[in-house]
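The values are calculated or read from the model by the stated rules, or taken from the named source; none is laboratory data. Just so it is clear, the structure is predicted and the values come from calculations on it, not from any experiment. So basically every Cβ, Gly included, is an ideal-geometry build from the backbone, and we count neighbours across all protein chains shown. Remember, those area values only see protein heavy atoms, side chains included, never the ligands or the DNA or RNA. Shrake-Rupley method; radii C 1.70, N 1.55, O 1.52, S 1.80 Å.
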Amino acid sequence: MNLQDLIVCRNPLDGVTETELIEQAERLGLSGNLYRAYLIYRLAHEPNLISTTIEQRGGLIGESLREIFTHDVELLLPIMRGEVGSNLPSLNDYKPTVANKDAALAELMKRLENLRGAAEIAEAFIEHWKRCGYGDIATYRAFRWEGNIVGIRHFETIRLDDLIGYAHQKELLTGNTTAFVEGKPANNVLLVGARGTGKSSGVKALVNEYHTQGLRLLQITKPQLKSLPEIMEALRQFMSKRFIIFLDDLSFEESEAEYKYLKSAIEGGVESRPENVLIYATSNRRHLIRETWRDRQDEQEELYRDDSANETISLSDRFGLIIHYYAPTQAEYLEIIRSMLKRRGVELDAEALRLEGLRWEMSHSGRNGRTAQQFVNYYLGQR
């Protein structure tokens, strides 16, 4: 067996000492035969010609590339089957301090246990790359932009069922997102309305709901809007995945030019937006560009006032789906509190709930889901 004959992969174990193998096992949470586990981890996560082609071609791979990859797997079979081990027994059945929690990797490891031939093992990796991608794309579901996409290790685990009320808004949001992940026509989305009503939480929950279907989230800030062409080009390299570019609490002063980058990215730029990217934004303001009464005074020097007005509303109009969130009524606010407490195993008398909940509302920032959650945290913390 000469691993130097590998063509589209490289030997992940080349030059790795047993000490380094143990260090990687502890860092990554690998278990069992460490030679096998580390090989599978590296192949699944590090880019190679097969995995990058699958991403860039939206899951497609040519027959010749498939055959060449099968050749590489044939050379790696003794390691894949766990036939290569160490004189140190612990390395052949390693138990890390903290186990790896990557569900996709665990599924691949388990599947490979029952496969013996090179062709079927190669196919298992190809299916993994099609479904999960490689590297951070496979590991993380949310990212930030730092000149390239960087995985967010501690992303919120919130699910749509955790968001109480706003059933119609959730229906619109999930309907559009379902169409998007299924490759059907879908719209950019603006979630607008009262503060603390769950707009941002709804977008984050979508990623947890649709992650296994290839959905990922990339949050960017307003100053990063000028980098949108570069960001779009980076995401275009992962065509087997669907990305929501997330802009939270978005609004602009008229003097800020960043909104023009966003307008161009949504619609109207020279380069088309990648089909695997949508933009979801939240705002407390229906018209994203701030306009004052002074701007409307007749003595303003602008000759064509209608042109200026159209400019200020044109950004929000480019979002094909605008979802409105309204402040809850008193009854809805109390029901949110009751439901939150019930999920924590607490039943509060209706009158006590009303008195305590309303007293909390009057001393805080108004009636909304955020205020309700703050009350629940306080109540449970004082028990």
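General remarks:
- Test set (1) assigned to a helix (DSSP H, G or I); (2) within 15 Å of R242 (Cα to Cα) - P185 fails condition number: (1)
- Those helices (runs of 4 or more DSSP H) lying entirely in the stretch 1-107 with at least 3 residues in contact with a helix residue (DSSP H, G or I) (Cβ under 6 Å, 6 or more places away or on another chain) and closer than 30 Å to E275 by Cβ: 49-56
- Against the criterion of being in a strand (DSSP E or B) and closer than 18 Å to A265 by Cβ, L190 qualifies.
- Of the residues in the stretch 257-267, at least one is outside any helix (DSSP H, G or I), over 18 Å from G135 (Cα atoms) and at pLDDT below 90.
- Residue check, R36 open to solvent by 30 Å² or more (accessible area, probe 1.4 Å) and under 29 Å from the mean Cα position of the chain (by Cα): no
- Output for the stretch 201-220, where each listed residue is within 27 Å of Q374 (Cβ to Cβ), part of a helix (DSSP H, G or I) and open to solvent by 30 Å² or more (accessible area, probe 1.4 Å): S201, K204, E209
- Residues of the stretch 149-180 classified as over 18 Å from L247 (Cβ atoms) and open to solvent by 80 Å² or more (accessible area, probe 1.4 Å), total: 7
Residue-by-condition table, conditions (1) open to solvent by 40 Å² or more (accessible area, probe 1.4 Å); (2) among the acidic types (D, E):
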{"residue": "D14", "(1), (2)": "yes, yes"}
{"residue": "E20", "(1), (2)": "yes, yes"}
{"residue": "Q24", "(1), (2)": "yes, no"}
{"residue": "L43", "(1), (2)": "no, no"}
{"residue": "L88", "(1), (2)": "yes, no"}
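- Single match in A104, A124, A119 (criterion: of a type in the set (A, V, I, L, M, F, W, C) and within 17 Å of the chain's Cα centre (by Cα)): A104
- Every residue from the stretch 338-362 that is more than 14 Å from R383 (Cβ to Cβ) and open to solvent by 70 Å² or more (accessible area, probe 1.4 Å): R338, K342, R343, D349, A350, E351, R354, L355, R359, M362
- Condition met for T70 (more than 30 Å from T17 (Cα to Cα), surrounded by 15 or more Cβ atoms within 10 Å (Cβ to Cβ), modelled with pLDDT of 90 or more and not aliphatic (A, V, I, L, M)): no
- Residue check for S51: surrounded by 17 or more Cβ atoms within 10 Å (Cβ to Cβ) and out of contact with any His (no Cβ under 7 Å at 6 or more places or on another chain): yes
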